[in-house]
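Accompanying notes for the structure given below.
The values are calculated or read from the model by the stated rules, or taken from the named source; none is laboratory data. This is a predicted model, so every value here is computed, not measured. Using ideal geometry, Cβ is built from the backbone for each residue, glycine included, and neighbour counts are taken over all protein chains shown.
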Amino acid sequence: MSKPTFLHQLAQEILKNHSNTLLDLIVVLPNKRAKVFLLEEFKNLVTTNCFAPEIISIEEFVQNIAGIRSIDSVEVLFEFYEVYLAVTEKDNQESFETFANWAKTLLQDFNEIDRYLLDPNHVLKYLENIKEIEHWSVDINKRTELIDNYLSFWKKLPHYYHSLYQYLVGKGIGYQGLIYREAVENLNHFSENNHNRFVFAGFNALNQAEEKIIQHLLAQDSAKIYWDIDESLLHDTFHDAGLFQRKFKSDWIYYKTNPYEWIVSDFSETKNIEIIATSKSIGQAKIAGSIIEKHAQENGSNLQNVALVLGEENLLLPVLHSLPDCVAALNITMGFSSKNNPAQLLLAKLFKLHSNALARSVDNYVLYYKDVLDILTHPLIETYVKADELVFKINKNNYSFITHKKLYELHPNGNELFQLLFQKWDGSAVSVLENLAQILLKIKDSLSYENEEEKITNAFVYSIYKVINKMTSYFDAHRAIDDIKTLHAIYKQVIDVAEVSFEGEPLTGLQIMGVLESRVLDFETVIITSVNEGKFPAGKSTNSFIPYDVKRELGLPTYKEKDAIYTYHFYHLLQRAKNIYLIYNADSEGFDAGEKSRFITQLEVEKRPNHHLTFQYFNADVPNVAYEPIAVPKTESALERLREIADKGFSPSSLTTYIRNPIQFYFQRVLRISETDEVEENIAVNTLGTIIHGALEELYKPFIGRILTVEDLKICMRKIDAEVATQFKEVYKEGEIKKGRNLLAFEVAKRNVLNFLKLELEALEKGDEVQLIALEATYERVLEDSRLPFPVLIKGNVDRIELRNGKIRIIDYKTGKVEQKNVTLKDWNGLTKDIKNDKIIQVLAYVFMYELEAKGREIEAGIISFKNLKAGFLPFQFKSENEKEGIISGEIMKDYLEQIVLLLQEIFDTNVAFEEKSN
């Protein structure tokens, strides 16, 4: 880097002024991360061995003064609930989930009150008075219980505050604000008993407690403070980046007699600033990845001085997947919400699975198949459970609901992780939490630490493991809360405030960080994403019970101060950088809509002479053609396969499949790719058709070869219920048919079979003579033609063949609606070009296959539609000169076969590819 970084200058200053007293020096920085970088600067500057000064973060420093250990927001929430139960009458106590809804916000307000050293009684009484004023319009005698309870809540706030404060101090633990207040109280004692010197460096915004501590040590001449502010930002009275430091420079007594250090002039140096607009978050991630790749190519994979700053934490995973292969080393330093954590999503699915099972039945632990598959196919589970066969069995056998016992029977050799995942949650909340902890440990053990991606996964898993451990200790101490539903609710509350922390080797490779993690650090190339209003700077969200005007009056920070903090961080990132890329989402509509950040506008308006701004808009690469139909040329191997099909038999349905879509024919018949089995939760139309076909076959089977009687049909009617149930069991396997839509489908199947038998009975009573010849029988016949390269066997199953009143009748059952027009033909030309003729092609194929067996008898062929049973048998008819022929003559078959030969010629033609039909 051409200009020295802030930490380099700081190291030089410390070595110059404290070279002989480094052991007595404590350097206080805004965050822990900068410590490693500062130590590296010392290492580069010293020529002999020496002891480094102690380097700590401001929070660690304040904890040392206060003598109180900091606890995270999850633990504070639990501790506060403990206090709440102790100070609230049993009849008025709320459940943890209800309590947590308001307690998280209240704790933030307690934290701010303490950090700014305000009188809690004054602030909280102020809030109570405001709420009272809001309800002045309600007559005292007309106040409802709801209003009284509401006002009572505000009266209790001082009691909650003091009770929690004393409780935590008594245990030697605390949230940040409490520790800051205690540190200020203990400041005199600390300074009297302390002989160290302090250097504060790289700060910007300070709360009241921090100001008081630093000013106290400066006044005692035991400390020095070094700021890092550019003169143009500090001296511009309207620029938010210098808001805090202008205040400190003018208000602090120390600066009446001491210089303000350091004011620099780096921001006006030469900078290349590329402002890039794109679409959506994923577009930003892809562009960031391409910038890094370009930089690596130009600098020989050296990414040491490159920082990728994410204005929005949700971009982390898309960015990680968009990084180029040249990124050999990576360091992530940012908080990431546990809500989007893959390990958390797995636990959420486990809660869903077991909660549903518990709710379903106390005696029989029944699991819903979707919940089971969600677990088995989760990325953290799938590789290690080895349950592919189990997934196949569930899909194949239509297990909508699986008992716990049956699950283990289906996968008897399940490993330990499988056992843990589906272990019954029939014990205490603690045992459930211990089970979840064991699952996370098993996943953690299966991860490789050599793989960069799995290192990140390990961080995800470990963060949730810590949350589960905290909850285990809490539930262990409070056995009274022992309900799984409550456990789930508490888990959801806790996970909202938990974060994943990543740690890596900060001195090598690409740096990925959040905005706050960039404090004190300088980089030559900076890429910032989500430079949008509401993201960078953040919006005006106020997670507080204290109104804006009250905050202004009391000196508490508002969104104005929050914006100033973001402004300083933004300009500090740019301060010493030479190459800057600002990426923002330019979509003004949709779920992920964005508006260009005011920071970008500010850079344009206040453009410095040495700043080279360029603007680019990256659109997604949208092809001119939305979709190109698949076309597969006929190779030698494809022709060989077609010959094989011709030898084994073309079914009528395979011919209509080709007409519908040649590419579908190619996949199903040539490549033999079958559809993936999936659980049929609700009975599909084709499944229902199979069940009806099977039931009719079994009912009629005893009467094949003889003439049907009225008594035969009455016997069939009595067997309908049992036979349809048998067919359901055979076809639908373990699927649920006793409730919901499937029960309706079961009744529909019975009604269809009954209505068909009634239709048959009515025909017999009118005098029809029916002799059954075959049911669901397979017939075949070779089609030979000189225009075909080889003979083709036509082969298929015929639903029913009968001799009715002296004529052969070939019947095809259809569960869908078919009308006479669907089996009536006006012209043979184009028969095989239109899929609307598929039923005609099928029934005439059956005639061709059976024609020789008919031995000269007249043949009619057609369809019985279960959705149009009133129409009865719908025969194929050729409409010629206003006459309809129902009997299938030799002339009709000759014309039909002419069209089939043309179709087969096209199928075998090497010049005609298997081309997908777009419609």
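Remarks
- Of the helices (runs of 4 or more DSSP H) lying entirely inside region 222-304, those containing at least 2 residues that are exposed (fewer than 14 other Cβ atoms within 10 Å of the Cβ) are 243-251, 280-298.
- Residue that is surrounded by fewer than 21 Cβ atoms within 10 Å (Cβ to Cβ), within 22 Å of the chain's Cα centre (by Cα) and under 27 Å from residue 460 (Cβ atoms), where the choices are 430, 372, 391: 391
- In region 784-817, residue nearest to residue 905 (Cα to Cα) [restricted to those that are touching a Phe, Trp or Tyr at 6+ places or on another chain (Cβ under 9 Å) and among the small types (Gly, Ala, Ser)]: 796
- Restricting region 474-516 to residues that are small (Gly, Ala, Ser) and over 24 Å from the mean Cα position of the chain (by Cα), the residue that is nearest to residue 324 (Cα to Cα): 509
- Selected residue (criterion: surrounded by the most Cβ atoms within 10 Å (Cβ to Cβ)) from residues of region 47-100 that are of a type in the set (Ser, Thr, Tyr) and part of a loop (DSSP other than H, G, I, E, B): 88
Residues checked against (1) part of a helix (DSSP H, G or I); (2) modelled with pLDDT under 90; (3) charged (D, E, K, R):
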| position | (1), (2), (3) |
| --- | --- |
| 641 | yes, no, yes |
| 646 | yes, no, no |
| 666 | yes, no, no |
| 680 | no, yes, yes |
| 691 | yes, yes, no |
| 711 | yes, no, yes |
| 724 | yes, yes, no |
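- Filtered residues of region 214-239 (kept if over 16 Å from residue 571 (Cβ atoms) and over 45 Å from the mean Cα position of the chain (by Cα)): 214, 215, 216, 217, 218, 219, 220, 221, 222, 223, 224, 225
- Any chance residue 23 is surrounded by 15 or more Cβ atoms within 10 Å (Cβ to Cβ), under 30 Å from residue 186 (Cα atoms) and among the hydrophobic types (A, V, I, L, M, F, W, C): no
- Check on residue 780, in a strand (DSSP E or B) and either of a type outside the set (A, V, I, L, M, F, W, C) or assigned by TED's automatic domain parsing to the domain that holds residue 805 (or both): yes
- Sole residue being exposed (fewer than 15 other Cβ atoms within 10 Å of the Cβ), out of contact with any strand residue (DSSP E or B) (no Cβ under 7 Å at 6 or more places or on another chain) and not aromatic (Phe, Trp, Tyr), chosen from 598, 641, 672: 672
- Test result for residue 843, in contact with a strand residue (DSSP E or B) (Cβ under 9 Å, 6 or more places away or on another chain), of a type in the set (A, V, I, L, M) and either at positive phi or in a loop (DSSP other than H, G, I, E, B) (or both): no
- Hits in region 549-573 (condition: at pLDDT below 90 and among the aromatic types (Phe, Trp, Tyr)): 559
- Test: residue in region 294-316 that is touching a residue at least 24 places away in the same chain (Cβ under 8 Å), over 22 Å from residue 582 (Cβ atoms) and either outside the structural domain of residue 526 (by TED's automatic domain parsing) or out of contact with any strand residue (DSSP E or B) (no Cβ under 9 Å at 6 or more places or on another chain) (or both): yes
- Meets criteria (among the hydrophobic types (A, V, I, L, M, F, W, C), surrounded by 15 or more Cβ atoms within 10 Å (Cβ to Cβ), within 19 Å of residue 547 (Cα to Cα) and modelled with pLDDT under 90) for residue 113: no
- Among the residues of region 528-545, the ones that are on the phi < 0 side of the Ramachandran plot, crowded, with 22+ Cβ neighbours inside 10 Å and either assigned to a loop (DSSP other than H, G, I, E, B) or touching a His at 6+ places or on another chain (Cβ under 9 Å) (or both) come to 3 in all.
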